[in-house]
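The values are calculated or read from the model by the stated rules, or taken from the named source; none is laboratory data. For clarity, every value in this text was computed on a predicted model and none was experimentally measured. Backbone-built Cβ (ideal geometry, glycine too); neighbour counts: all protein chains shown. Side chains are part of the model used for accessible areas, which takes the heavy atoms of the whole protein and leaves out ligands, DNA and RNA. Shrake-Rupley method; radii C 1.70, N 1.55, O 1.52, S 1.80 Å.
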Amino acid sequence: MSLVRFRASASRLQSLVFTGCSRGVSGAVKDKEPLKKAKTPQGRFDIPEEKTNPVLEKFPDDVNPVTKEKGGPRGPEPTRYGDWERKGRCVDF
Amino acid sequence: MASVCAASRLLSKRISTQYPVVDHEFDAVVVGAGGAGLRAAFGLSEAGFNTACVTKLFPTRSHTVAAQGGINAALGNMEGDDWRWHFYDTVKGSDWLGDQDAIHYMTEQAPAAVVELENFGMPFSRTEDGKIYQRAFGGQSLKFGKGGQAHRCCCVADRTGHSLLHTLYGRSLRYDTSYFVEYFALDLLMENGECKGVIALCMEDGSIHRFRSQNTVIATGGYGRTYFSCTSAHTSTGDGNAMVTRAGLPCQDLEFVQFHPTGIYGAGCLITEGCRGEGGILINSEGERFMERYAPNAKDLASRDVVSRSMTIEIREGRGVGPEKDHVYLQLHHLPPQQLATRLPGISETAMIFAGVDVTKEPIPVLPTVHYNMGGIPTNYKGQVITHTNGNDKVVPGLYACGEAACASVHGANRLGANSLLDLVVFGRACALTIAEEHKPDKGKIRWHRLRRDRTPSGSSGPVHITCLLHCSLWCLCCLPRRETVPPDAQCRRRVCGQPGQAEEGCDKMDDIYQSLDDIKTFDRGIVWNTDLVESLELQNLMLNAVQTIYSAEQRKESRGAHAREDFKDRVDEYDFSKPTQGQEKKPFEQHWRKHTMSYVDPKTGKVSLEYRPVIDHSLDEQDCAHIPPAIRSY
C-alpha cells in the first residue's frame, strides 16, 4: 500500500492496477461517480422538504378548529362512520 | 413411523452433547414484549424482581405498534361518566360470555391506568382545558345504555398503540429488566403441574437457553396468521397458546375470532365501513349487488357479521372474483370522484398502495379479514392461568398470562373497539401485582453456566423438536409452501359454517393438514439465523391454534357475538331471555351454550378434546357494582 502511494504521482496506471481506484496528485482517492448520499435516507434530509401530503394536513397549532382538540388525529373525525378510519383504512371497530 | 421414533430417541441422547444449552435463573420471566409484556416486565422490575423479558422481536416491533385506535376509560372529561356504565357496555358487548369479575376489574382500573400512562409521558390529545380529550367510539353508552352516547375513547393523534409501546419501552429502560431480544420461546418447563420457566432458542447463534423462574408471564399476542387474510403481523403466530397446549393445559374460547368484512385481498388492511356508508357496493363475479339478496332493507349497510357471512357464501358458491375466485369486489367508481376525495380523503392513496387499483376506475378486491382473537389462555381476573377440573377453577402455580394471548375473559364473544389496549395495560399490571403479592423477590441469584449432560425431563422436548427438523432428511415437504396452504383452508372452512356438514368437513380437512405436518423438512441446516427453522416452529404453533379453533367452532351450536352460524342462528342460553325468566325452567349446563370452551390437544395425533367451564356472573363486589343479568343483545 505505502509503495503505491509513494509512486502514485509517477504512475496512475500502476495505482489503478493495484488498488482499482484513481488517485489525485496528493494521493487521495477520487471517486469516479458523485456521492450517492442524496439518495440515502440521510441524504434526503439535506434536500429541501418535498411538498407535504395535501390529503391530511396538520391543523394550525395542531388544534382542531371544530372540536378544539389539541394533538388529535389529522383530517376529518376518524370515528364518523362508527369505526376508526384513517385514509380510507379502518384500524379499529 | 417406527424408524422415526428410533431416530428421535437417538437424537435426544446426542442433544445435550451437541447443542449448547445455557441456563439462566430469574425471579420472573415475561415471554413477549408487546403492550402487555412490557407493562408486566417493568411492573415486576419496579417491585424489585429480577426480571427477564424473552421476545422474538425487538419490543417496539411488536404488533401493538399497529393499534391506531384509542383506549377507553371512564375519566368523565367530556361529560359526567361512571366506570360502572363502561362495565355494563363491556358485559353487553361480550354477549354475556365475558367473566364479570374480570370486566369489573378492568373497567374500574381503567381511569387509573390511563392516568398512569399519561404520567409515563404518553402524549394524549387534549381539550381546551388541558384534560385528556375523549371521543365517542366502540359502542359506549351512559347510564347503563339509557343515557345516550358516551365519550370515553382517549387517543394520541392516530397512533395510540405506537405511542403506548414506545412510552412503555422507554419507561422500562429505567429499571433493570434483562431483555433477551430475538429469542424464540419454544416450550414451558413444567414439573408436576407447576411452571418452572421457559426454554428458548437464540435466533442469533442457535443456542438454547433455559430460563428458570418461579413466575412466568405469557404475553405473546394473538394468532391471526392461521388465516389467509388477516390484519396481523407475520409474527402473530400464537406461540404462547401453543406452548400452553403442549404443556397439557387448555386454551379458552378459541372459536371467537373477530372478523371485518372488507379487508383488502392480499394486503390485509381493512377498508372502512364509511365506503359503504357513502354509497360503495359489494359485487360478485356476475356484477351483481349481492347484498340485496341477503339483507333486502339494509343492503350493504347491514351489520358486519351479516356482510361477512354473505360474502363468504358468495365465494363458496363459486361467484367469487379473481383467478382463484376467492374474493369479491368493493365498487366505488360509480361515485363522483369529488365526493370520494372530500368525504374519504386518502382512500385513493390507500387503494393504490395496497391493492394497486385506481379507485375512481376499478373496484377494490376485498374479503373478510381476521382482526383480533378474543380467545386464548384462560386466566382469572388476577392474571393467573387456570384449568377447570371437577367443576372448579384451579390455578396453575407459576404461570400467568396477559394481553391478547390471555382470555380473562373481558371480551367474551366480541371485543368492543378501544378495549383491547386497555386490556393490555390493566392485565399486564395485574400480573405484576399478583406476582408481587404472592412472592418475594430473591436478589442476586442469576447463575449462568453451560449445562452438563442434562437429565431433567423438563424442556428436553424442545431441543429434540428442533434437531428433528434440522437433521431428518426422511421428510419431503418444505415449510414455506405449507405456510401458504394452511391458512386459505382455514379461512374458507372456518368462516362460514353455512350448511350442516360444512363445519365437519372443515374439521376433517384440518386433520389431514395436521397429519401432513410430519412431512415438514427444513432446507436451511445452519445454526445462525435459521429463519426456515423458526418459521417451521411457528407453523407448528399455528396448526395447534387452528385445530382447536375449528373444532371448538364446529361444536358450538349457536350464534353468539363473533361466532355466527347459518345453521344455528340463535343464542342458546340457560333461559330464553327474550321473555321474563320467571316461570321458565333453567336448562342444565350441558344443554345451553353460555359457557367457555376449554380445548386440549394431543400434539402427536392432533386430536382435540373439549370441555366446558361456566361463565363467571358475579362482579368482584356486588355492593359496589352489581353484576348485569343476561339479556338480549341489541343495539
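Interface area, chains B and A: about 2900 Å² of buried accessible surface, summed, with a 1.4 Å probe and ligands, DNA and RNA left out. Based on alpha-carbon atoms, the Kirkwood radius and the radius of gyration of chain B give Rg/Rh equal to 0.96. Put simply, the amide H of residue B:521, placed in the peptide plane, has neighbours under 5 Å in B:477, B:478, B:479, leaving out anything fewer than 5 places away on its chain. Kirkwood-type hydrodynamic radius, the range B:64-167: 13.9 Å, calculated from all non-identical alpha-carbon pairs. Converting phi to 3J(HN,Hα) with the Karplus coefficients 6.51, -1.76 and 1.60 and the offset θ = phi - 60°, the range B:327-341 yields 8, 10, 10, 10, 9, 10, 6, 7, 8, x, x, 4, 5, 4, 5 Hz in sequence order, with x at every glycine or proline. Taking a ≥ b ≥ c as the square roots of the eigenvalues of the Cα gyration tensor of the range B:204-262, is the shape rounded (a/c under 1.5), prolate (a/b larger than b/c) or oblate? Oblate, since a/c reaches 1.5 and b/c is not below a/b.
For the range A:57-72, heavy-atom accessible area (probe 1.4 Å) falls by no less than 20 Å² from the chain alone to the full protein assembly at A:67, A:68, A:69, A:70, A:71. Packing order of peptides B:400-410, A:55-65, B:195-205, highest average first: B:400-410, B:195-205, A:55-65 (average count of other Cβ atoms within 10 Å over each peptide's residues). In this view, the solvent-accessible surface of residue A:81, computed with a 1.4 Å probe and all protein chains in place, comes to about 50 Å². Where only DSSP H runs of four or more residues are counted, chain B gives -10000 deg cm²/dmol as its mean residue ellipticity at 222 nm, each run worth -39500 (n - 2.57). Solvent-accessible area of residue A:70, all protein chains in place: 110 Å² (probe radius 1.4 Å, heavy atoms, ligands and nucleic acids excluded).
Taken along its principal axes, the alpha carbon cloud of the range B:258-372 reaches lengths of 35, 31, 30 Å, longest axis first. Phi angles across the range B:251-265 convert, under the Karplus curve 6.51 cos²θ - 1.76 cosθ + 1.60 with θ = phi - 60°, into 3J(HN,Hα) values of 10, 10, 6, 5, 6, 8, 10, 8, 9, 10, x, 10, x, 5, 4 Hz, Gly and Pro given as x.
Normalised by the number of residues in the range B:86-216, the mean separation of alpha-carbon contacts (under 8 Å, six or more apart) gives a relative contact order of 15 percent. Once backbone amide H atoms are built at 1.01 Å from N, residue B:191 has B:196 as its partners under 5 Å, excluding neighbours fewer than 5 places away on the same chain.
For trypsin sites (Lys or Arg not before Pro), the sites in the range B:584-628 that DSSP calls loop and that have at most 15 other Cβ atoms within 10 Å are B:586, B:604. Placing unit charges on each Cβ (+1 for Lys and Arg, -1 for Asp and Glu) gives the range B:194-335 a dipole about its Cα centre, and among B:235, B:332, B:218 the Cα reaching farthest toward its positive end belongs to B:218. For chain B, the membrane-span-like helix rule (DSSP H, alpha carbon extent of at least 30 Å along the helix axis, mean Kyte-Doolittle at least 0.0) picks out B:531-555; this says nothing about an actual membrane. Near the amide H of residue B:216, within less than 5 Å, lie the amide hydrogens of B:29, B:399, B:400, all on another chain or at least 5 residues away, with H placed in the peptide plane. At an R0 of 30 angstrom, the distance between the Cβ atoms of residue B:285 and residue B:360 translates into a FRET efficiency of 0.85. Computed from backbone phi with θ = phi - 60° and the Karplus coefficients 6.51, -1.76 and 1.60, the 3J(HN,Hα) list for the range B:600-612 is 10, 10, 8, x, 6, 9, x, 7, 9, 10, 10, 10, 10 Hz; x is used for glycine and proline.
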